[in-house]
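Working notes, beginning with the structure itself.
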Amino acid sequence: MSGQQKYSHLLQPLDLGFTQLRNRVIMGSMHTGLEEVSMERQAAFFARRAEGGVGLIITGGIATSPEGGLAPGSSGMFSEKDAEHHSIITRAVHEAGGKIAMQALHAGRQSFHPLMLAPSAKQSPIYPFPPKAMTEEDVERELYNWGNACHLAQQAGYDGVEIMGSEGYLLNQFLTTRGNERDDEWGGSYENRMRYPLEVVRRVRAATGPNFIIVYRLSMMDLVPDGQSFDEVITFAKRLEQAGVNIINTGIGWHEAKIPTIATMVPRAAFAWVTRKVKEAVNIPVSASNRINMPSVAEDIIARGDADMVSMARPMLADPDWVKKAEADLEQEINTCIACNQACLDHTFQLRLSSCLVNPQACYETELVYVKTDKPKSIAIVGAGPAGMSFATVAAQRGHAVTLFDADTKIGGQFNIAKQIPGKEEFHETLRYYDVMLKKHGVKLSLGKRVDAHDLAAFDEVVLATGIVPRHLDIEGLDHPKVLSYLDVLRDKKVVGKKVAIVGAGGIGVDTAEYLTHDPHHKPASLDIPTFLKEWGIDPELKARGGIEGVQEQVDPSPREVYLLQRKTKKITGPGKTTGWIHREALLKKKVNLMTGVSYRKIDDAGLHISIGDKNMVLNVDNVIICAGQEPNRELQEGLASMGKHVHLIGGADFAAELDAKRAIDQGARLAAGI
């Protein structure tokens, strides 16, 4: 069966009348930091995705005025000089056969600078500065700036713009009483609250003419108190169509929302059912968004009529050839986005350049280049975890003869642990990808055998990616029968009692708590949309204002009583900057006891003896699970050094402060690119 037949809905062209998109795939907007670094690097980034077959690329948010930027110095489209700089991007994309739209953005109160303008002087709970309420003069000036920015985008060679109207930014703020308390013509009734965003669309259409793509990113569920009702959303969607919008794109949730919308514990295509309701109400193409990461998922969305298109941002970071691979029926070769957010959104909110945990080349296309070697070497890589798989794949792709050793009978290392955690099922995809690519590039696998230095003597280069070993903790009673390690629980499936204390609340501890608080016989919310909606209090009938007002969460109780403890006094969250709060909320829903500032005294028949401040207590638990402390596993290094072998260390074998797949995969790829 040909790829064209298999994904016939996804790969079908879309005729907009004055122009045609080559397929139904939008590369959704995401701020990478390249916007403020280099037009040339940004051009290379987008051109690479255009070469990969994307139908329409949408840039990261480009401010329509200095007041509308995300932070001081954010990229904006204010002048002809800006347009000239952006023409570097549009030229590169067009030469690669693609089409590109600029996302026009005004952040409103969701910004990191003190010059913010918003409908009302209401500060966002997650941003540091209070905004200034827009005067009539501000309203008119910013309307002019929207039209001007989009006209300049057209002048720069963009095929269209996406007007950012979701995620709680300015236009979204105007539509809700949460952000808009005005009593003039721009506030009060919903009819008045719609006036500003509709006028923005009219100004943009007037400034760009009829033959220019206007996408509107519509907040279909705000997921915050005092958000829009769904009837209001439908009314607004119809008015957008009348005002001249060509495509409506799905936006779900404000940044202020306390509900996950794109993280890995969100089911695939979790909100396509909402998109369908909007699609049924308008006559222009509507695009689904959020947690769509594989062609089969995207094809199903369009085939069953949920949407006309699909918008995917991070999957295009993970694999720029996503569309080409779908066309060639090579879905198994797609490097799947696992929605971890660790190298993309986490970096963005730390004002760092984005990349991708599973694809370190993302945003580094001009720096991290895999060139065929003219001096092939025989290379041994010991350890088939994330670092080892990454190194082996890239080194073999470059033409080296690579043998990958591991004492386990399967590849994956710690990913085989991670994939068992409810909400981390996407790790199966990363393992599938590496399995396929190792075979494709001819890596020789030697699994199920522990090697020594002599086994590696004949290789030109030796790379150790042997991971970590647990560090010995200084706690009396660690040899007590109650004590288990996280590997005993997650890898070896040892029986765990009904009352458990977990020592260490880093990523491993949080994962272990997630695992132990889920009934293995129940499908986790990450794999079941109705369960996800129930657990996070989202109304599947779309009758609740904002999608959540008055909806009670319904969470399956934990099969165990769990204590999660850490020495540090800071709040327990997961490791990710943008996902840590989700892990914390999920644990609290399961009634996990989160305890900080803990000193561990001893373990005995009575349980775990601890102190918090000057208070001593005993946790009467069946098991104490150790998830704290690890050291690099370098047992082979000394023997190799004595033989005169130079050894490269990557991943946990190099640095074991935290099990960090992002650093491990990046380190493996970078070493392989230069060896």
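A few remarks follow.
- If the condition is being touching a residue at least 60 places away in the same chain (Cβ under 8 Å), outside any loop (DSSP other than H, G, I, E, B) and touching a Lys or Arg at 6+ places or on another chain (Cβ under 9 Å), then the range 244-258 contributes Asn249, Thr250, Gly251.
- The sole residue among Arg268, Arg217, Arg195 that is within 27 Å of the chain's Cα centre (by Cα), assigned by TED's automatic domain parsing to the domain that holds Leu21 and surrounded by fewer than 22 Cβ atoms within 10 Å (Cβ to Cβ) is Arg268.
- Residue check for Pro559: farther than 22 Å from Ala263 by Cβ and touching a Pro at 6+ places or on another chain (Cβ under 9 Å): yes
- When the range 320-347 is filtered for residues that are more than 11 Å from the chain's Cα centre (by Cα), in contact (Cβ under 8 Å) with a residue 60 or more places away in the chain and assigned to a helix (DSSP H, G or I), the ones remaining, listed by number, are Trp322, Val323, Lys324, Ala326, Glu327, Gln332, Glu333.
- Qualifying residue in the range 153-160 (condition: under 28 Å from the mean Cα position of the chain (by Cα), crowded, with 24+ Cβ neighbours inside 10 Å and among the aromatic types (Phe, Trp, Tyr)): yes
- Inter-residue pairs, beta-carbon under 6 Å, first over 22 Å from Ser485 (Cα atoms) and in the range 600-619, second in a loop (DSSP other than H, G, I, E, B), 6+ apart: Ile612/Gly597
A quick yes/no check of all residues on (1) charged (D, E, K, R); (2) within 22 Å of Val204 (Cα to Cα); (3) in contact with an Asp or Glu (Cβ under 8 Å, 6 or more places away or on another chain):
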| position | (1), (2), (3) |
| --- | --- |
| Leu10 | no, no, yes |
| Gly52 | no, no, yes |
| Thr59 | no, yes, yes |
| Glu67 | yes, yes, yes |
| Leu70 | no, yes, no |
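- Top-ranked residue in the range 274-288 [being surrounded by fewer than 16 Cβ atoms within 10 Å (Cβ to Cβ) and out of contact with any Asp or Glu (no Cβ under 7 Å at 6 or more places or on another chain); ranked as farthest from Lys238 (Cα to Cα)]: Glu280
- Single residue of Glu191, Glu162, Glu167, Glu181 found to be in contact with a strand residue (DSSP E or B) (Cβ under 7 Å, 6 or more places away or on another chain), closer than 20 Å to Gly227 by Cα and among the acidic types (Asp, Glu): Glu167
- Looking across Leu671, Leu640, one residue alone is among the aliphatic types (A, V, I, L, M), under 30 Å from Leu317 (Cα atoms) and in a helix (DSSP H, G or I). It is Leu671.
- The single condition among (1) over 17 Å from Ile58 (Cβ atoms); (2) modelled with pLDDT of 95 or more that Val93 does not meet is (1).
- Condition check for Val555: in a loop (DSSP other than H, G, I, E, B), surrounded by 16 or more Cβ atoms within 10 Å (Cβ to Cβ), of a type outside the set (Gly, Ala, Ser) and over 21 Å from the mean Cα position of the chain (by Cα): yes
- Meets criteria (touching a helix residue (DSSP H, G or I) at 6+ places or on another chain (Cβ under 7 Å), over 30 Å from Thr32 (Cβ atoms) and either outside the structural domain of Val510 (by TED's automatic domain parsing) or buried (at least 24 other Cβ atoms within 10 Å of the Cβ) (or both)) for Val436: no
- Tabulated pairs, the range 405-420, first within 17 Å of Ile665 (Cα to Cα) and part of a loop (DSSP other than H, G, I, E, B), second modelled with pLDDT of 95 or more and acidic (Asp, Glu), C-beta under 7 angstrom, 6+ apart or interchain: Ile411/Asp435; Lys419/Glu425
- Number of the condition not met by Ile610 [criteria: (1) buried (at least 19 other Cβ atoms within 10 Å of the Cβ); (2) assigned by TED's automatic domain parsing to the domain that holds Gln414]: (2)
- So Asp488, is it at pLDDT 95 or above, surrounded by fewer than 21 Cβ atoms within 10 Å (Cβ to Cβ) and either among the β-branched types (Val, Ile, Thr) or out of contact with any helix residue (DSSP H, G or I) (no Cβ under 6 Å at 6 or more places or on another chain) (or both): yes
The values are calculated or read from the model by the stated rules, or taken from the named source; none is laboratory data. Not measured: the values here are computed from a predicted model. All Cβ positions, even for glycine, are placed from backbone atoms using ideal geometry, and neighbour counts span all protein chains on display.
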